[in-house]
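Written below as structure tokens is the structure these notes are about.
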Amino acid sequence: MRKSIFLIFLSLVLLGAGYTYWFYYRSYGDGFREGYFQKFSRKGNLFKTYEGELVLEGFGTRSLGKRNANLSANYFYFSVLDEAIADTLEKSIGKSVKVHYTQYLRSLPWRGDNYSAQNHEPGQYIVDRVVLVTE
């Protein structure tokens, strides 16, 4: 009896650890985005994080109802963890910037804001490298 309770407890702990790793710590994807660097700020109630916004080339559609669609700018919202990258981006406001990001399926509060509703693909996007800055 004691052994079966221990095995059930162990399997629940392993399932919980696997779920946490899979959705919160495993990188779902990564890639590059390039656009006009428009906004950068440091915010948060408990965990202060750097948050940025790129305006991408082209237009996206934003649904306004069943039949109505509106053309709007295509934005990319992200968070930055490294202060050196944050300093580089802070100096790049108003310029064209190419960044490398890592996407996670779920967000953690110390990693930044969750922009699942604003970005085209849900998840938390963390910029980990600035590749190119042009005027």
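Quick notes
- Residue in the stretch 9-18 that is over 22 Å from His100 (Cβ atoms), surrounded by 12 or more Cβ atoms within 10 Å (Cβ to Cβ) and either at pLDDT 90 or above or not polar (S, T, N, Q) (or both) present: no
- Phe47, sole failed condition from (1) assigned to a loop (DSSP other than H, G, I, E, B); (2) modelled with pLDDT of 95 or more: (2)
- Listed by first and then second residue, the pairs with beta-carbon distance under 8 Å, at least 6 apart or on different chains, first residue in the stretch 20-44 and within 17 Å of Asp113 (Cα to Cα), second in a helix (DSSP H, G or I), are Phe40/Ala86; Phe40/Leu89; Phe40/Glu90; Arg42/Ala86; Gly44/Pro109.
- Residue identified as over 23 Å from Tyr25 (Cβ atoms) and modelled with pLDDT of 90 or more among Val80, Val133, Val97: Val97
- Per this entry, Phe59 is counted among residues that are modelled with pLDDT under 80 and of a type in the set (Phe, Trp, Tyr).
- Members of the stretch 119-135 that are farther than 15 Å from Glu53 by Cβ, part of a loop (DSSP other than H, G, I, E, B) and not acidic (Asp, Glu): Pro122, Gly123
- Total residues in the stretch 87-118, condition closer than 14 Å to Leu54 by Cα and either in contact with a helix residue (DSSP H, G or I) (Cβ under 7 Å, 6 or more places away or on another chain) or crowded, with 17+ Cβ neighbours inside 10 Å (or both): 6
- Extreme residue, nearest to the chain's Cα centre (by Cα), among residues of the stretch 68-86 that are assigned to a strand (DSSP E or B) and exposed (fewer than 13 other Cβ atoms within 10 Å of the Cβ): Ser72
- Considering Glu121, Glu90, the condition of being acidic (Asp, Glu) and under 16 Å from the mean Cα position of the chain (by Cα) is satisfied by Glu121 alone.
The values are calculated or read from the model by the stated rules, or taken from the named source; none is laboratory data. Being a predicted model, the structure only gives us computed values, none of them experimental. Neighbour counts run over all protein chains shown; Cβ positions are idealised from the backbone, glycine included.
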